[in-house]
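Student: This is the structure I want to talk about, given as structure tokens.
The values are calculated or read from the model by the stated rules, or taken from the named source; none is laboratory data. As the structure is a prediction and not an experimental result, all values here were calculated from the model. Quick reminder, even Gly has a Cβ in these numbers, built from the backbone with ideal geometry, and neighbours come from all protein chains shown. Side chains included, ligands, DNA and RNA excluded: accessible areas come from the protein's heavy atoms. Shrake-Rupley method; radii C 1.70, N 1.55, O 1.52, S 1.80 Å.
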Amino acid sequence: KEIQIRKQMSNMKNQFVIFGNPVEHSKSPQMQNAGLKHINFDGNYKKHHLVDGNTIKDVFLQNNYMGANITVPHKEDAFANADEVRGLAKEIKAVNTYINENGKVVAYNTDAPGFLKAIESFGTIKNVLLLGAGGTAKAIALALKSKNINVTVLNRSQGKLDFFKEHQIPCFSWENFEAETYDLIVNSTSAGLKDEYLPCDKEILETVFKNAKFAFDCVYGKITPFLALASENALEIKDGEDMLLFQGLLAFELFTNTKADNSVIEAMRKGLKGE
Ligand code: NDP
């Protein structure tokens with residue numbers, strides 16, 4: 001019986017989750033569990049459907065979770081409720097990772113470095129046009145800025161631009177946009193996720209595609225209308241799979257306190273793809 005209790009306790013010790021609402025669609029459990037299994041880590045990762053984001057820290061601690069990822073719509077609440085926020089997350093004001101450090105809830109944003117890692121395959125990038133101004137755009141814009149890469153934001157509406165103005169990032173709505181030259185165009189809007197919309201006017205896209213070399217879409221697992229148009233205009237394209245993988249990988253390293261090698265990356269990629 002004692003062994004059983006100890007086993008239960010050790011399982012409790014290494015329980016990881018993803019908080020979201022909805023969370024059913026999340027592929028993080030299959031990706032993270034593949035990584036845990038690959039390194040023989042005694043732990044498990046599951047979904048936790050959370051309705052009230054303001055309860056996130058209490059729920060995390062009451063369940064003795066060792067680590068968590070946080071997805072839509074709780075990233076800002078998770079930031080506000082954490083005991084300590086580390087790294088670029090302090091400026092982004094949204095977090096996607098919680099770590100339980102002896103009862104202290106420490107928060108990180110791994111979306112930002114995950115994005116940077118995902119665009120490494122394009123080579124050197126100097127100027128980026130970032131479409132969208134939501135939570136993901138904030139992380140991407142500050143990630144690029146932290147690497148001294150010029151970033152310009154273009155969004156459908158004015159409403160969400162204040163954050164970028166505060167960070168001295170040039171930003172426009174569709175009405176007042178004047179295109180310059182960019183190497184990389186990034187779609188961080190949700191256009192193309194569940195519909196077949198382009199993230200902005202086709203004319204604007206065709207203008208900026210003329211001088212650009214690369215297009216990246218945060219949406220993963222499909223060729224969105226944005227990527228299809230970029231490809232027609234001879235740009236090298238990439239979907240959001242690597243961004244999802246690398247944000248997960250960086251969280252995994254924090255969860256397990258290990259440094260992941262290529263074999264872990266490949267195990268997690270296979271897990272993500274359900275292979
Ligand atoms: P938010 O809801 O915070 O922001 C959505 C943004 O998209 C807003 O700027 C909004 O503009 C714009 N938008 C929505 N619909 C349209 C449309 N039809 N045309 C033009 N603009 C539109 O979302 P997130 O930032 O959290 O997520 C954005 C995308 O990134 C999603 O598709 C998500 O799945 C993906 N994502 C991928 C990740 C990965 O790891 N690959 C990680 C995180 C997100 P407005 O301000 O005018 O409303």
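Student: Label-point separation (nm) for Asn54 and Glu241, each offset 7 Å from Cα along Cα-to-Cβ?
Tutor: Using points 7 Å along Cα→Cβ, the separation is 4.1 nm.
Student: To the nearest 500 deg cm²/dmol, what mean residue ellipticity at 222 nm is calculated for the chain from DSSP H runs of n ≥ 4 alone, each contributing -39,500 (n - 2.57), summed and divided by the residues?
Tutor: -11500 deg cm²/dmol
Student: About its Cα centre, how strong a charge dipole does the stretch 158-275 have in debye, to the nearest 20, once Lys and Arg get +1 and Asp and Glu get -1 at the Cβ?
Tutor: 360
Student: Now a separate question. Got a sec? Charge dipole of the chain, +1 on Cβ for Lys and Arg, -1 for Asp and Glu; which of Ala89, Asn33, Ala228 is way out at the positive end?
Tutor: So the residue we want is Asn33.
Student: Counting other C-beta atoms within 10 Å, and keeping those with at most 15, which DSSP coil trypsin sites (Lys or Arg not before Pro) do you find in the stretch 157-194?
Tutor: Filter output for the stretch 157-194: Lys194.
Student: For Lys259 and Ala80, what is the calculated FRET efficiency with R₀ set at 35 Å and r taken between the beta-carbons, to the nearest 0.05?
Tutor: Efficiency, from the Cβ-Cβ distance: 0.70.
Student: Same structure again: Can you give the FRET efficiency for Glu266 and Gln168, using 1/(1 + (r/R0)^6), R0 = 35 Å, r = Cβ-Cβ distance, to the nearest 0.05?
Tutor: Efficiency computed from Cβ-Cβ geometry: 0.30.
Student: Let me spell out the model: positive unit charges on the Cβ of Lys and Arg, negative unit charges on the Cβ of Asp and Glu, origin at the Cα centre of the chain. What dipole size does that give, in debye rounded to 20?
Tutor: 920
Student: Right, another one. Sorted from largest down, give the three principal axis spans of the alpha carbons of the stretch 206-269, whole angstrom values.
Tutor: Answer, in whole Å and largest first: 46, 21, 17 Å.
Student: From the Cα trace of the stretch 32-119, what convex hull volume per residue do you get, rounded to a whole Å³?
Tutor: Dividing the Cα hull volume of the stretch 32-119 by its residues yields 111 Å³.
Student: Among the listed pairs Lys75/Lys194; Lys90/Lys213; Lys147/Lys259, which are separated by more than 27 Å between their Cα atoms?
Tutor: Lys90/Lys213
Student: Taking the Cα-to-Cβ direction at Asn40 and at Glu196 and moving 7 Å from each Cα, how far apart do the two end points lie in nm?
Tutor: 5.1
Student: Starting from the 7 Å offset along Cα-to-Cβ, what nm value, one decimal, do you get for the label separation of Leu61 and Asn102?
Tutor: My value for the distance between the label points is 1.5 nm.
Student: Sticking with this structure for a sec: Among the trypsin sites (Lys or Arg not before Pro) within the stretch 44-126, which fall in a DSSP loop and have no more than 15 other Cβ atoms within 10 Å of their own Cβ?
Tutor: For trypsin sites (Lys or Arg not before Pro) across the stretch 44-126 that sit outside H, G, I, E and B with at most 15 neighbouring Cβ atoms in 10 Å, the list reads Arg86, Lys126.
Student: Continuing with the same structure: Bin all alpha-carbon pair distances of the stretch 62-177 at 10 Å intervals from 0 and give each bin's fraction as a whole percent.
Tutor: Using 10 Å bins, I get a P(r) of 13, 41, 31, 12, 3, 0 for the stretch 62-177.
Student: Size of the chain along its principal axes in angstrom, Cα-based, largest extent first?
Tutor: Reported extents, whole Å, longest axis first: 70, 37, 33.
Student: Output the relative contact order of the stretch 36-107, whole-number percent, from Cα pairs under 8 angstrom with separation of 6+ residues.
Tutor: Answer for the stretch 36-107 is 29 percent.
Student: Can I ask one more? Projected onto the charge dipole of the chain (+1 at Lys/Arg Cβ, -1 at Asp/Glu Cβ, origin at the Cα centre), which of Tyr45, His167, Val128 gives the Cα projection farthest towards the positive end?
Tutor: Farthest towards the positive pole: Tyr45.
Student: Additional query: Give the aspartates and glutamates whose C-alpha is closer than 17 Å to that of Lys126, dropping any in the same chain fewer than 8 places away, or say none.
Tutor: Candidates past the 8-residue exclusion: Glu180, Asp183, Glu236.
Student: If I take the Cα coordinates of the stretch 1-147 and project them onto the principal axes, what are the three extents in Å, biggest first?
Tutor: 62, 34, 28
Student: To one decimal place, what orientation-averaged projected area in nm² is obtained for the convex hull of the Cα set of the stretch 104-161?
Tutor: Over every viewing direction, the Cα hull of the stretch 104-161 projects on average to 4.9 nm².
Student: Can you give the relative contact order of the stretch 112-267 as a percent, counting alpha carbon pairs under 8 Å and 6+ residues apart?
Tutor: Relative contact order comes out at 23 percent.
Student: Do you know the relative contact order of the chain, to the nearest whole percent, from alpha carbon pairs under 8 angstrom that are 6+ apart?
Tutor: 18
Student: From the protein chains alone at 1.4 Å, what is the descending order of accessible area for Thr258, Thr71, Thr110, Thr181, largest first?
Tutor: Final ranking, largest accessible area leading: Thr181, Thr258, Thr71, Thr110.
Student: Continuing with this model, one more query. Average projected area of the Cα convex hull of the stretch 155-275, in nm²?
Tutor: Its Cα hull, projected and averaged over all orientations, spans 9.7 nm².
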